[in-house]
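Below is one structure, written out as C-alpha cells; comments come after it.
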Amino acid sequence: MADKRRKKYKSASNYMFSGLAKSPGVIFGALVLTVISSVLVLFPNVLLGEAIDVLDTVGLGEEFNTIILTIFVIGVTYLVMYFIVGYSWAVVTLRWERDARQEFFEILQDNSMAFHDEIDSKKLLSVAMQDINWVRFSLNPALRNLVFALASFGITSILLIQIDFTIIVNPPFTILGFPLHVFSLTMLLGSPIYLYFAYRYANTIEPVRREKSEQMEELTSVSQGVFRGIEVVRAFGAEDVEKKRFEDVSKTYEKLVAKEGRLAAFYIPALILIGMTTVAFFYGSYAVLEGYITVGKMIEVLSLLITISGFNFMLPRMLLVLRGGYVNARRIVDILNWEDPLVEPKKESEQIDWTGEIVFDNVSFTYNNGGDNVHYALKDFSIRIPGGSRVALIGGPGGGKSTILKLLLRFYDPTEGCVSVGGTDIRQIRTETVRDNVGLVEQDIFLFRMSIKDNIAFGREEATDEEIALAAQRAQAEEFILDLEEEYDARIGERGMTLSGGQRQRLAIARALIQDPKILLLDDSVSAVDAQTEFMMRKALSEVMMGRTSITVTQRLRTLLESDLVIIVDKGKLIASGCHEDLLRTSKHYRQIFRRLPGAEQVLETVAYEGDIA
C-alpha cells in the first residue's frame, strides 16, 4: 500500500494539485465563479462613470436611480458569489489538507525503522504540521487570490483599451496621422513590466522565506529538546546554557525577518503601478479639458486603476506564497518518496509455524546501509534456536543483542543472510503478521499519554476489561494500579513520567502479555524492579513462557540459570552458545561475564571447567 502511494507523486506540483484533482467539477466551477466575481468587482466602476455623466447631462431621475440600484444589486451578488467561491475552495483544500496529513502519517507508520533512523522526528513533526499547512495555504487563499488578481488585471486592461478605441474620438495625440491610444499603451507596456518585477520580487524574497522557515524549524527543535529533557537540564544546572542557545537561534530568526522587511520596503511593482496611474490621470485630465472624453469616463478610468492598485501587493505576495508552497511540497514529496529497504512480500506465506525453530543463517546487518564507514551490528551471525526454548542473550554494550530482537520483529531486514521462523524466511511474512505473533518488552519503556487500560490494550484494542486485568495480574502490576484513585482509568503522564521505572516495566510486560505472542522477546525487562517484585514477575513470566519461544536480553544470574540456551555475542559476532553448565566448562568468555554477576562465585565453586578453552 505504501509503495503505491509513493509512486503517485512524480513531482511537487503533482502533489500540490492532487487534492484539487479529486474534485475537478467543484474547482472548475469555483474558477469560473472567481473570474466572474472579478468582473463584478470592476463593473461598478464602469457604472459609476456612467452615473456621473447621466447626473451631469440629465440630472437626478429614473435613469440615475436605475444605475445606482444596479450597482447595489451587483454588490450584493458579488458578496453572495464571494461566499460561494470561498466556501468551495475552502471545502476542497481543507479536505486535501486532512487527507494529506492522514496519508503522511500512514506512510510514516508503513516505513521501516531505517526511515526513522535517517530522518529526525522533529523534522517529521514540522513537515506534518507546518509544511502541509503551508501547501494548503498556497492553494487557498494564494492560488484563488492569484487567479482573482490576474483576472481583474486582464479585465481592467480590456476595459481601458475599449475606452480608448470606442469612446475617444479624434484623440489629441497622433503619430504619422495614426491615433495614439495612451490608455491602451499604458496597460500594454506597463502590465508586462509590472508582472515581471512582481515575479522577480517573489524570486528574490523566496530564499529568505525558505531560510526563515528552516530557522523556525530549528527554534522548534531547540524548544522541544529542552521540554523533553527538562529533568536532565535541571539536573546539570544547564538552564543558562539552554537560554543562551535559544537566544542565538532566535536572533538569527530575527535577522531573517528584518531582511525580509527591507526587501519588502522598496517595492518596485508599486512604483510601476503608480506611474501607470499617473500617466492615465494626466492624459485623461487633458482629454477632459479638450472635450475628447467625459468626466464620467475619466472617473471610470481612475476607478479601475485604483481598484487594481488594491491588488498591488496581493499579486506578488500570492506568487511568493505559491512558490513557497512548492518548496514545502518538495520537502514532503522527498519524504513520501523515500526508498524503504524493507519491502513487503507481494504474497505472504500461507502456513507459518511460529512454534518452530528460529534460524539465523550467516546474517550480517548494518544500520547505515550504503553510507560511508559501514559498521556491522551483526557479522556472519549464525544460530539455531529450538522452538519453545528459553533463550538468554548476553554480551557487552553494542554487541548486537538488541539488533537480534529487532530483526525478529522485522523492524529491519538483514543486510546479508537470512532469518527464518519454522522454515519460513521472515522476509516472506508481512510485518503486520510478524508483530501479531512476536511480542516485545523493550528496555527503554515508552508509555502513551492515555489511561492505564488503553496502554495495556495498545496492541489489542478489542481486549476486554477481564483480559486487561488478567494481563496486569500476571505482570504483577495490578497492586499499584488498584492503589490509584481512578485505577485502570487513571491517565499516565507523558512518556509515563508519573510512574516509577518498575511500574512502567510491569505495564510494558502486561502490554506484551495481552497479545498472547507465539514468540516473546524481553530486552532486560526486569532491570528496574525490586527483588520481591522481580521474583513475582519471574514467576508470572515462567508461566507465560511455557510452550512458546522466549528470548531475553539479560545480565541476571537467575535468568541464565533457568535458560535452555545461552547465546553470547560480542561486536556483532557469535562467541559461544549452549546451556549454562556447558558454557561454564567450555567458554572462558562466558565465565568472565558470569563471574561479575552477584552470587556467581557460589555457582562457580561447584563447577569444574576446562580452564584453557575459550
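Note on the range 321-347: residues that are over 14 Å from Asp110 (Cβ atoms) and assigned to a helix (DSSP H, G or I) amount to 14. The set of residues in the range 297-316 being more than 18 Å from Val279 (Cα to Cα) and surrounded by 20 or more Cβ atoms within 10 Å (Cβ to Cβ) consists of Phe311, Leu315, Pro316.
Take Gly284 and tell me if it is more than 21 Å from Leu195 (Cα to Cα), crowded, with 16+ Cβ neighbours inside 10 Å, in the same structural domain as Tyr194 (by TED's automatic domain parsing) and out of contact with any Gly (no Cβ under 9 Å at 6 or more places or on another chain).
For Gly284, the condition - more than 21 Å from Leu195 (Cα to Cα), crowded, with 16+ Cβ neighbours inside 10 Å, in the same structural domain as Tyr194 (by TED's automatic domain parsing) and out of contact with any Gly (no Cβ under 9 Å at 6 or more places or on another chain) - is met.
For the range 486-501, the criterion of being loosely packed, with under 14 Cβ neighbours inside 10 Å, under 22 Å from Lys518 (Cβ atoms) and at pLDDT below 85 is met by no residue.
Residues of the range 419-437 that are farther than 18 Å from Ala114 by Cβ and of a type in the set (S, T, N, Q): Ser420, Thr424, Gln428, Thr433, Asn437. When Ala235, Ala270, Ala265, Ala258 are screened for being of a type in the set (A, V, I, L, M) and at pLDDT 80 or above, only Ala258 passes.
Please verify whether Ile27 is buried (at least 16 other Cβ atoms within 10 Å of the Cβ), of a type in the set (Val, Ile, Thr) and at pLDDT 85 or above, treating the condition exactly as stated.
Working: buried (at least 16 other Cβ atoms within 10 Å of the Cβ): yes; of a type in the set (Val, Ile, Thr): yes; at pLDDT 85 or above: yes.
Yes.
Listed by position, the strands (runs of 3 or more DSSP E) inside the range 514-572 whose residues that are within 20 Å of Gln592 (Cα to Cα) and modelled with pLDDT of 70 or more number at least 3 are 565-570.
Please specify each residue of the range 293-320 satisfying the condition of being part of a loop (DSSP other than H, G, I, E, B) and at pLDDT below 75.
Kept after step one, since they are part of a loop (DSSP other than H, G, I, E, B), are these residues of the range 293-320: 293-294, 310-313.
Across the range 293-320, the qualifying residues are Gly310, Phe311, Asn312, Phe313.
For the range 51-161, list the helices (runs of 4 or more DSSP H) that sit wholly inside it and hold at least 1 residues that are of a type in the set (A, V, I, L, M, F, W, C) and under 30 Å from Val301 (Cβ atoms); which are they? Before the answer, list the steps.
Working: elements: 62-110, 113-118, 121-126, 132-137.
Filter on the range 51-161 gives 62-110.
The residue pairs whose first member lies in the range 333-354 and is of a type in the set (Asp, Glu), whose second member is in a loop (DSSP other than H, G, I, E, B), and whose beta carbons are closer than 8 Å, counting only pairs six or more residues apart or on different chains, are Asp340/Asn111; Asp340/Ser112; Glu344/Arg430; Glu348/Ile429; Glu348/Arg430; Asp353/Gly387; Asp353/Gly422; Asp353/Gly423. Listed here are the helices (runs of 4 or more DSSP H) enclosed by the range 180-267 that have at least 3 residues being under 30 Å from Thr156 (Cβ atoms): 182-228, 239-265.
Kindly indicate whether Ile404 is in a loop (DSSP other than H, G, I, E, B) and under 30 Å from Cys579 (Cα atoms). Spelling it out, it is not the case that Ile404 is in a loop (DSSP other than H, G, I, E, B) and under 30 Å from Cys579 (Cα atoms).
Taking each residue of the range 383-402 that is not assigned by TED's automatic domain parsing to the domain that holds Asp570 and polar (S, T, N, Q) and looking for partners that are crowded, with 21+ Cβ neighbours inside 10 Å and in a loop (DSSP other than H, G, I, E, B) with beta-carbon atoms closer than 7 Å, six or more apart or interchain, yields nothing.
The values are calculated or read from the model by the stated rules, or taken from the named source; none is laboratory data. This is a predicted model, so every value here is computed, not measured. Here Cβ is always computed from backbone atoms with ideal geometry, including for glycine, and neighbour counts include all displayed protein chains.
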